[in-house]
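Some notes on the structure that comes next.
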Amino acid sequence: MAVTNDILKAIGEHTGFPGFKSRAYLKGLTDIIGSSLAEGDHVKIDHFGEFKLLRLPERKLQTNFGGKHQTVTLGASTIPDFVIDTKLQEKSRPSTDKGPDTVEVEFRTSRLTSGKSDIDFIDLKDKVIPKNILALIPEKIARKYLAVPFALKDKTLYVAMTDPENEEAFNAIRKSGGNKIIKAYLTTQDDLNHIFEQYSTLQAELKQLVDSSADEELETVDDEDEKADSEEITEASPAAKIVATLLKRAVREKASDIHIEPSEEEVMVRFRVDGVLRKVLSLPKQIQPALISRVKILANLKIDETRLPQDGRIQILLDSNKVDFRISTLPTVNGEKVVARVLDHSKGVMKLEEINVVGRSLKVLEDNIKKAHGMILVTGPTGSGKSTTLYAIITKIKDVAINIITMEDPVEYRMPGVNQSQVNSKIDFTFASGLRSILRQDPDVVMVGEIRDRETADIAINAALTGHIVLSTLHTNDASGAIPRLLDMGVEPFLITSSVNAIVAQRLCRKICDKCRQETKFDAEVLSTIEKEVETMPDPERSDTKGKLKFYKGTGCEACGNSGYKGRLAIYEILGMSELVKQLTIKRSSSSDILAQAQKEGLITMKQDGILKAIAGLTTMEEIWRVTRD
């Protein structure tokens, strides 16, 4: 603001214009410059300088992270630039003997174009920023320029940015921060999202929206013909804003599911975070019809159909990333319940090395992935990470020389170089019919989202027998249980032994928060139970745990919301189809007999894998018992 006033004063002194006319002159000039730059032109003003667009190449920042110097690459970008006139530049250089015509100007573009910079990295993921500091940069500007303030010392405002060399962002922040001295730091998008959440809480936002709807009559539209009108009404209504806020907050709080559950007196909203549901807030009952109708409109469902379940999909753009929500409605005695599965595409697809398969289990899986044909099955309950494992396997084997086709319900993450298809029960495009079509597309690798019936199982097994790699899932409790499940479907034992290469069983458990982790002790009885399980492990796992039975827990802190847990990891058991296991399959042996034989051959069960990860300090024994109990 001080710089603007100085310019207006200078215009007035040289032209004799009154203040309002000087301001109008300056605004007109800036508008002309802005529109010219937007069209790709440059503006040159004699004796003053030239405004143009500066195209920055890809550049590397030398950052200091954790006491180590690291190089971070920033992508190419285009920013406005000003090249000062040579004569004016002579006057603007700092001098020990400053005259009345000397102006101090800070030049940053030379540092930008040089491609060299030394900017410190700041870790914000566990920081809580005081409200008075956050208020120095409004949330709207912070989100637009991906920059947040985190400290203020004297007249210097410390700001974390994903691109500290974005001149436009730097100037906007300096203006909104009251023209303070800005000290820029480099940070990540995830850290920024953590600070964005601190600008306002979900409860505060929704309370304001709910209060604003108290005097409005919110009711469901009963006539399908009025749907267009209802969209116009709801677009600006409190119900629409509440739904938008819930969707955005669920993504930023890393929830996997949103539950909107009506009761007799209220509407409860719960988020599933790290596999566990927690209550977020309660909404008044009178807003329920409008809330459910808004979700249905966004998901393109029938708003007047309240007697039957419906499925749909919503897509939003959040922080420049596409996020999909898989919507399911279910009629209950208190009204329709809505569950939204969050599919955040910004997370990307994990690699095999990142999904926590380790040791002997990893070797068994990698050996079977390398085979030229056959089937790999992944088993576990809904929400146990089966799709993530299948995607990781595809990422491992993906190559331009092979044709990979998937049949999913639904397609959760887009994978470049993979032909992904989605079932549609409304037009009878099922796993079985889709799989038949896929096999006419000359595939090398086929992924079937789930084997649900005999027909799909027969087609998948025949594909595995005829030179294809087939990946799919089954709903069974453990790896050995997949074989009796296929037998129950009517698949012949000799077809199973000829086609199945490996069976993966898995569960997801919560990780201990790194910030509040500490060692914990168990009583003798609990330790004895753990030691018995350890004794059944194969070598070298059993030998590696000798004298190392230390366990950990999270005490709770701000970083993990006082839960002691943050994030999730998978525990696995991977069954390879050895000759003895195949013989038991031919005999139609029980899953317990197959498991016993597999353990003799070195199989590590899910419980044992969990114990090893608990000893490594990744999770707690309470979590392992919770997800593996029979």
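Key figures for this structure:
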read-out	value
Mean accessible surface per residue for segment 481-630, computed with a 1.4 Å probe while every protein chain stays in place, in Å²	48 Å²
Distant-in-sequence amide H partners of K337 (H built 1.01 Å from N, under 5 Å)	L330, T332
Label point distance in nm, H373-A24, each placed 7 Å from Cα along Cα→Cβ	8.4 nm
Length added when fully stretched, L580-R307, from 0.36 nm per residue minus Cα-Cα	93.0 nm
Carbon + sulfur, % of accessible area of segment 238-344 - ligands and nucleic acids excluded, 1.4 Å	50 percent
Hits among lysines - C-alpha to C-alpha of K546 under 18 Å, sequence gap 8 or more where chains match	K521, K532, K607, K613
Extended-chain gain in nm, criterion 0.36 nm per residue less alpha-carbon gap, M268 and Q315	14.6 nm
Highest average packing first - 575-585, 383-393, Cβ atoms within 10 Å	383-393, 575-585
Using a Förster distance of 22 Å, the FRET efficiency for N562-A135 (Cβ separation, nearest 0.05)	0.25
Where segment 238-344 is the region considered: accessible area per residue in Å², 1.4 Å probe	42 Å²
Distance from segment 366-384 to segment 397-446 (C-alpha centre basis), Å	16 Å
Cα-projected label distance for T15 with H42, points at 7 Å along beta-carbon direction, nm	2.5 nm
Estimated Rh, segment 238-344: Kirkwood, alpha-carbon pairs, angstrom	13.8 Å
Reciprocal mean inverse distance between Cα atoms of segment 507-607 - Kirkwood radius, Å	16.3 Å
Too-long pairs where the Cα-Cα distance tops 24 Å, listed order kept, from K27/K241; K144/K175; K322/K386	K27/K241
Extension gain (nm, one decimal) between T245 and E533, 0.36 nm per residue minus Cα-Cα	99.0 nm
Zone of L362's modelled label, taken as backbone nitrogen in segment 506-543 under 15 Å from a point 7 Å along Cα→Cβ	540-541
Fraction of accessible area attributable to carbon and sulfur, segment 359-628 (%, probe 1.4 Å)	47 percent
Inter-label distance for K600 and T466, nm, one decimal - labels placed 7 Å from Cα along Cα-to-Cβ	3.8 nm
Peptide ranges 442-452, 278-288, 519-529, 595-605 listed from the most packed, as the mean C-beta count within 10 angstrom indicates	442-452, 595-605, 278-288, 519-529
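The values are calculated or read from the model by the stated rules, or taken from the named source; none is laboratory data. From a predicted model like this one, the values you see are computed outputs, not experimental measurements. A quick note on method: Cβ atoms are made from the backbone with ideal geometry, for glycine too, and the neighbour counts reach across all protein chains shown. Each accessible area value is taken on the protein alone, full model and side chains, heavy atoms only, with ligands, DNA and RNA left out. Shrake-Rupley method; radii C 1.70, N 1.55, O 1.52, S 1.80 Å.
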